[in-house]
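Student: Have a look at this one.
The values are calculated or read from the model by the stated rules, or taken from the named source; none is laboratory data. Fair warning: this is a prediction, and the values are worked out from it, not measured in the lab. Backbone-built Cβ (ideal geometry, glycine too); neighbour counts: all protein chains shown.
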Amino acid sequence: MSAAVEAVNVARRFGPVQALVGVDLTVEEGEFFGLLGPNGAGKTTLISILAGLTRADTGTARILGHDVVTDYRNARRLLGVVPQELVFDPFFTVRQTLAIQSGYFGIRHNDAWIDEILHHLDLTAKADANMRSLSGGMKRRVLVGQALVHKPPVIVLDEPTAGVDVGLRQSLWAFIRKLNRDGHTIILTTHYLEEAEALCGRIAMLKAGQVVALDTKQALLSRFAGLTVRLAAERVPEAWRGRVLRQDAGIFFIGLDRYADLEALLAALRTEGIAIGELALQETDLEQVFLRIMGGDRAAPGIPEAA
Amino acid sequence: MTQGGAGWPTLLYKELLRFWKVSFQTILAPVLTSLLYLLIFSHVLEANVTVFGGKVPYSAFLVPGLVMMSVLQNAFANSSSSLIQSKINGNLIFILLPPLSPLDLFVAYVAGAMVRGLVVGLGVFAVTLFFAPSLLLMPHPFWALGFAVLGSAILGTLGLIAGISAEKFDQISAFQNFIIMPLTFLSGVFYSIHTLPPFWQTLSHFNPFFYMIDGFRYGFFGLSDVPPMMSLAIVGGCCLALSALTLALLRSGWRLRY
């Protein structure tokens, strides 16, 4: 059985910028996979290589076993891509847009499925409206629809919820979840980390064109110190100084490996006679993991987002 | 494995729909322009220009030239503007994501350009017939049709090359203004090259557009500056060479797939 997506040593350079540095990545069938990273990390370049929009300098990529260059016809039939840019063809209506996209895949008379897509994306009322007259959120949903017209088993969404309001975002995710339950493999890039946390089973983090973390969500969350104590006090016990993650006007954030460490911390506070002003426990979320892996800095300098 | 049919018929349909939706601008406007050319040139030059040794009145001579010029210019305009618009709007991605092969893209864009060119040519012919009704009795209609088809294919292909290589609208205009327009105007649309000084006559023989128009005109009058078989060979050869070049460009992904 072939993996849904398999990238082996994929590298790509744009002029002076090494957008991808030998990326290896395997996504199994049926996964809901997250691809995270700051702007310019190489997410879109990687997706473009999978979609055949960009060619890798070295390495190979396969969709369900079909090479994206040598067997591009099958690879592209198996892949649906929702691009990041909000693009549309101003000559056509929503229904025409979907029917034409379907025809490019050689699928004519696809009306039943197109009606279903329109329904799920809440676009039925706009089916005969010109693309130009739609709001940004609606155009975004048409893009999702265009990626689904040929019922691809592997679906890649490149920041699909940018500019979509909260209510629509929820219904969009309900639809994508349903597709995943029905057996579609979903690969998602997003800037909303809570989205990735809520949806994705496995997550790869990209930084400066390299995969710097690749694991299940649970493993990533537990790898980076399960707990943080938020302590308001005049000082921290001597032995605990090294565990302070951050200090902010009399409030200390202290990393714990497990709940048992909390007892030791309380004992040390008591022994040194430090009064506790306030104490709270916080669980690590994906955002903290992300920030730690990325080393706290933003996008690596000099690497523009590849379109 | 989901197997679909060919995708190019839909791309061709989209190309046709695209210009049909704005037919006022893509069909009527060029027909009107050609009509103006005919009115002005035939009025000014009718008495002063002798073509084919006086066997053909100038306005009748001019009509096939104008028809062919419209065919060529509109075929070029269609494929080049469609592609550059898609590039600039970013919706070219809808064509790059599906399993359309280089040949699929080539066939759809060039066929779309040919239809636009031929429809405009037919429109120009229809309105200009009023000034030279005798043209309906053309002796070799299939020669005329053959050259119109080949000419529109060549210009559709050139438009595709321009669209592939251009990254901005003004690069398309440059292609049009510095290559297509001079080659068209210096091809004998408005005159028989036998009226030119020897140097320019010789130079005209290096212009492939000259053979398109001369061959096309042969269909109308049974008269031509060079034998029609020679024109057919040259025009056919150009068509094949340009098609091969365009397919190679599409296969390489140059300026389409980065």
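Student: Out of (1) charged (D, E, K, R); (2) within 14 Å of chain A (Cβ to nearest Cβ); (3) closer than 22 Å to residue B:141 by Cα, what's the single condition that is false for residue B:116?
Tutor: Unmet condition: (2).
Student: Out of (1) under 18 Å from residue B:252 (Cβ atoms); (2) more than 10 Å from every other protein chain (Cβ to nearest Cβ); (3) surrounded by 23 or more Cβ atoms within 10 Å (Cβ to Cβ), the odd one out for residue A:57 is which?
Tutor: Every condition holds for residue A:57 apart from (3).
Student: A further question follows. Mind checking which helices (runs of 4 or more DSSP H) fall wholly inside the stretch B:1-110 and carry at least 1 residues that are touching a residue at least 40 places away in the same chain (Cβ under 8 Å) and closer than 26 Å to residue B:211 by Cα?
Tutor: Filter on the stretch B:1-110 gives B:29-45, B:58-89.
Student: Filter the stretch B:172-211 for residues that are of a type in the set (Ser, Thr, Tyr) and touching a helix residue (DSSP H, G or I) at 6+ places or on another chain (Cβ under 7 Å) and give the result.
Tutor: B:184, B:187, B:192, B:204, B:211
Student: Out of the residues in the stretch B:158-190 meeting the condition of being surrounded by fewer than 18 Cβ atoms within 10 Å (Cβ to Cβ) and among the hydroxyl-bearing types (Ser, Thr, Tyr), tell me which one is farthest from the chain's Cα centre (by Cα).
Tutor: The extreme case among them is B:165.
Student: Looking at the stretch A:92-107, which of its residues are within 12 Å of residue A:150 (Cβ to Cβ), touching a helix residue (DSSP H, G or I) at 6+ places or on another chain (Cβ under 6 Å) and either more than 7 Å from every other protein chain (Cβ to nearest Cβ) or at pLDDT below 95 (or both)?
Tutor: A:98
Student: Something else about it: Of everything in the stretch B:1-59, what is within 30 Å of residue B:102 (Cβ to Cβ) and β-branched (Val, Ile, Thr)? Give them in sequence order.
Tutor: B:2, B:10, B:22, B:26, B:27
Here's the yes/no breakdown for (1) touching a residue at least 24 places away in the same chain (Cβ under 8 Å); (2) touching a helix residue (DSSP H, G or I) at 6+ places or on another chain (Cβ under 7 Å); (3) closer than 19 Å to residue A:208 by Cα; (4) within 7 Å of another protein chain (Cβ to nearest Cβ):
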| site | (1), (2), (3), (4) |
| --- | --- |
| A:38 | yes, no, yes, no |
| A:45 | yes, no, yes, no |
| A:64 | yes, no, no, no |
| A:77 | yes, no, no, yes |
| A:81 | yes, yes, no, yes |
| A:90 | yes, yes, no, no |
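Student: Condition (residue is farther than 23 Å from residue B:62 by Cβ and in contact (Cβ under 8 Å) with a residue 40 or more places away in the chain) applied to the stretch B:114-124: is it met by at least one residue?
Tutor: So far as the stretch B:114-124 goes, yes, one or more of its residues are farther than 23 Å from residue B:62 by Cβ and in contact (Cβ under 8 Å) with a residue 40 or more places away in the chain.
Student: Looking for whichever is surrounded by 13 or more Cβ atoms within 10 Å (Cβ to Cβ), modelled with pLDDT of 95 or more and away from chain A (no Cβ under 12 Å) here; the options are B:59, B:70. Which one fits?
Tutor: Of B:59, B:70, the one residue that is surrounded by 13 or more Cβ atoms within 10 Å (Cβ to Cβ), modelled with pLDDT of 95 or more and away from chain A (no Cβ under 12 Å) is B:70.
Student: Anything in the stretch A:276-297 that is surrounded by fewer than 11 Cβ atoms within 10 Å (Cβ to Cβ) and either outside any strand (DSSP E or B) or modelled with pLDDT under 50 (or both)? List them, or say none.
Tutor: Let us first name the residues in the stretch A:276-297 that are surrounded by fewer than 11 Cβ atoms within 10 Å (Cβ to Cβ), namely A:278, A:280, A:283, A:295-297.
A:295, A:296, A:297, listed by residue number.
Student: Looking only at the stretch A:1-11, count how many residues are in contact (Cβ under 8 Å) with a residue 60 or more places away in the chain and of a type outside the set (A, V, I, L, M).
Tutor: 1
Student: Sticking with this structure for a sec: Looking only at the stretch A:139-153, count every residue that is of a type in the set (Val, Ile, Thr) and within 12 Å of chain B (Cβ to nearest Cβ) and tell me the total.
Tutor: Keep residues of the stretch A:139-153 that are of a type in the set (Val, Ile, Thr), which gives A:142, A:144, A:149.
From what's left, within 12 Å of chain B (Cβ to nearest Cβ): A:142, A:149.
Number of matching residues: 2.
Student: Taking residue B:128 and the conditions (1) modelled with pLDDT of 95 or more; (2) polar (S, T, N, Q); (3) closer than 27 Å to residue B:191 by Cβ; (4) buried (at least 24 other Cβ atoms within 10 Å of the Cβ), which numbered condition does it fall short on, given that it satisfies the others?
Tutor: Single failed check for residue B:128: (1).
Student: Let me ask another. Based on what the data block shows, is residue A:141 buried (at least 24 other Cβ atoms within 10 Å of the Cβ), among the basic types (Lys, Arg) and within 20 Å of the chain's Cα centre (by Cα)?
Tutor: Against the criterion (buried (at least 24 other Cβ atoms within 10 Å of the Cβ), among the basic types (Lys, Arg) and within 20 Å of the chain's Cα centre (by Cα)), residue A:141 qualifies.
Student: Moving on. Of all the residues that make up the stretch B:146-172, how many are part of a helix (DSSP H, G or I) and within 16 Å of residue B:86 (Cα to Cα)?
Tutor: First, pick out the residues of the stretch B:146-172 that are part of a helix (DSSP H, G or I): B:146-165, B:169-172.
Pick out the ones that are also within 16 Å of residue B:86 (Cα to Cα) and you get B:159-165, B:169-172.
Number of matching residues: 11.
Student: Identify the residue in the stretch A:199-221 that is part of a helix (DSSP H, G or I) and either free of Cβ contacts under 8 Å to residues at least 24 places away in the same chain or of a type in the set (D, E, K, R) (or both) and, among all such residues, is surrounded by the fewest Cβ atoms within 10 Å (Cβ to Cβ).
Tutor: Ranking the candidates gives A:218 first.
Student: Something else now. Looking only at strands (runs of 3 or more DSSP E) that fall completely inside the stretch A:26-119, which ones have 3 or more residues that are within 24 Å of residue B:89 (Cα to Cα)?
Tutor: A:79-82
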